[in-house]
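Colleague: One structure coming up, written as structure tokens, with questions to follow.
The values are calculated or read from the model by the stated rules, or taken from the named source; none is laboratory data. As the structure is a computational prediction, the values presented were derived from the model and not from experiment. Neighbour counts run over all protein chains shown; Cβ positions are idealised from the backbone, glycine included. Please note that ligands, DNA and RNA were not included when accessible areas were found on the heavy atoms of the full protein model with its side chains. Shrake-Rupley method; radii C 1.70, N 1.55, O 1.52, S 1.80 Å.
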Amino acid sequence: MERTATVKRYTNETKIDLDFSIDGEGKTTLETGVPFLSHMLDLFAKHGQFDLKVDAKGDVEVDGHHTTEDIGICIGQALRDALGDKKGIKRYGNAFVPMDEALAQVVIDLSNRPHLEMRAEFPAQQVGTFDVELVHEFLWKLALEARMNLHVIVHYGKNTHHMIEAVFKALGRALDEATTIDAGKRRSFNERDVVRD
Ligand SMILES: [Mn+2]
């Protein structure tokens, strides 16, 4: 069964069409209107070996907030849809990614219990025209809609662009691990396991 999902979400603030494939090749087509977010989503998909197509038309003349938030919602929904009953997946993922002087770690449990825990002190509030606080907004909405436990730690770094880049690469890699079908099935997972946790 193909683990793919299509999400369409139209509001007064954004119109988003999104295709997502868990078992992809890192292929992306990204029209977000928020260039730094497109850069980060491209890295996320490449490192996670997902295919991701995003066509978003948002109120970027206001700022990137609604578009970034709503793309987080749509990727979260797509991930949850594509995972289906989650049968046989590893469920947990952990990845460290360095980017020059910065080191980020992302730890995931596809648990059905949404939670974001974030430890990151970014030195800058803007990267180009992108508001750095939107990184938290994106990750929280992603965790909420995918119903995953998401821990994001930036251990250190000096350049905010590098630090955020390391986060999105680690997010892709941790999610790739967590969504992998466990061949041995020793740690297989289903909805009932979660309820009993
Ligand atoms: Mn970069």
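Colleague: What does the net charge come to around residue 27 if you take all other residues with beta carbon closer than 13 Å to its beta carbon, with K and R at +1 and D and E at -1?
Modeller: Net charge in that neighbourhood comes out at -3.
Colleague: Let me ask something additional. Between the helical axis of 65-83 and the dominant principal axis of the chain, each derived from Cα atoms, what acute angle in degrees is found, rounded to the nearest 10?
Modeller: 10 degrees
Colleague: Here's something else I'd like to know. For the chain, find the longest principal axis of its Cα atoms and tell me its angle to the long axis of helix 134-146, 0 to 90°, nearest 10.
Modeller: Computed tilt is about 20 degrees.
Colleague: Between residue 100 and residue 25, what FRET efficiency comes out of the Förster formula 1/(1 + (r/R0)^6) with R0 = 22 Å and r the beta carbon distance, rounded to 0.05?
Modeller: The value I calculate is 0.25.
Colleague: Compare 53, 90, 8 by solvent-accessible area with a 1.4 Å probe and give them largest first, with all protein chains kept in place.
Modeller: 8, 53, 90
Colleague: Then there's this: Which number comes out as Rg/Rh for the chain once both Rg and the Kirkwood Rh are worked out on C-alpha atoms?
Modeller: 0.96
Colleague: Still on this structure, please answer the following. Using the Karplus equation 6.51 cos²θ - 1.76 cosθ + 1.60 (θ = phi - 60°), what ³J(HN,Hα) coupling, rounded to whole Hz, does each residue of segment 41-46 give in order, writing x for Gly and Pro?
Modeller: Per-residue couplings from phi come out as 5, 5, 5, 4, 5, 5 Hz.
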